[in-house]
Every structure is written in C-alpha cells, then in structure tokens.
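One structure is given here, and the rest of the page talks about it.
What follows is calculated from the coordinates using simple rules that are stated; it is not laboratory data. Quick caveat, the model's predicted, so the values are computed rather than measured.
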Amino acid sequence: MLLETARLFTKVRAASPAGTPLGASASERKFKTVFLDIGLVSNLCGFYSDKTIPKKKLAAAYNGKLAEQFVGQELRSSSENLYYWSRDARGSSAETDYLIERQGEIIPIEVKSGKSGRLISLHLLINTYSNVISAYVFTEDKYGELQEHKIRFLPLFCAGAI
C-alpha cells in the first residue's frame, strides 16, 4: 500500500507466539495499524491543537485507542518488527495488543488506559504458550509485578524503554 510505503502507518500483523521468528507465522490478511504519530491520529479524530479536552470527557474507548497508539508508536521506534496475537478459535475474542522479539524471547504486551483490569487474554496467552516467560502491561498506574504470573506493570511513558 502507498500509505505504508510512505511510512504514514505500520501494518501490525497477527502472529503466533508458539516460536521464533514471529514473522514466520504472521498473517498478511489479519492486521491492525499504528500511525506514524499520535498527533495525526488525534487530528484525524477531530481533536485539534486549539482544543483542550479534559481526559474525563473523553470516551473510554477513544482513550484506550490513544494509549494503544502511543505504546505502538514507541515500540515501533525501537523494534523493527511489531506483531499482535489474536486467538484463532472460533468465536473467541482473545487478543493481546502487541508481540515483540527480544534476544530470541517472545514478549507479549498489553495496553490499558485505566486500571489494569483482569487481563484475561494475556493470562490465556501465557498459560497456552510455555515458551513465553515474561509479559508487560503498560498502564496509567505505577510500576508493579505479578511474579507468579510473569507479568510486569509499567507506566505508559516507559513504552520506549523496553
């Protein structure tokens, strides 16, 4: 696509965390996009620089999309390949926002714009794929860990540092 070639957005393909490289299992037909810049996304959605909109007035869904866009943009700047996981089972809506490879290890990443919630899809991924030894959740909350579940919670602004 022309817009992808111009690098206005990046295609994030669905892949299986069963093994590396993730690109070997990546789908050309199942994908989502990360725009070049969160400012472009905001502008396309009608939020202009001359408007100040308090966070509590934003729709929760839009706030979540902005958080996911921000983390995707940060990950894309530090990782050549970015994927996500979507369970293939019929009728399933399980999905983890991003998958990256670091030093031969597959790391699932979930993004939450509010409090962390139950993370059902992330737990399903970790329990299904024994080769996944750690995961990150980027949230508005502070740092935390669930060692027994192999999950680290980091503030959204740390997304570019992993």
Give the Rg/Rh ratio for the stretch 2-161, taking Rg as the radius of gyration of the Cα atoms and Rh as the Kirkwood radius, to two decimals. 0.96
Calculated [θ] (222 nm, deg cm²/dmol) that DSSP helices of n ≥ 4 give over the chain, each run adding -39,500 (n - 2.57): -7000 deg cm²/dmol
I need the shape label for the stretch 78-162. Rule: rounded when a/c is under 1.5, else prolate if a/b > b/c, else oblate, with a, b, c from the alpha carbon gyration tensor. rounded
Structure shown: which of Lys11/Lys142; Lys30/Lys150; Lys32/Lys65; Lys112/Lys142 lie over 20 Å apart, alpha-carbon to alpha-carbon? Lys11/Lys142; Lys30/Lys150
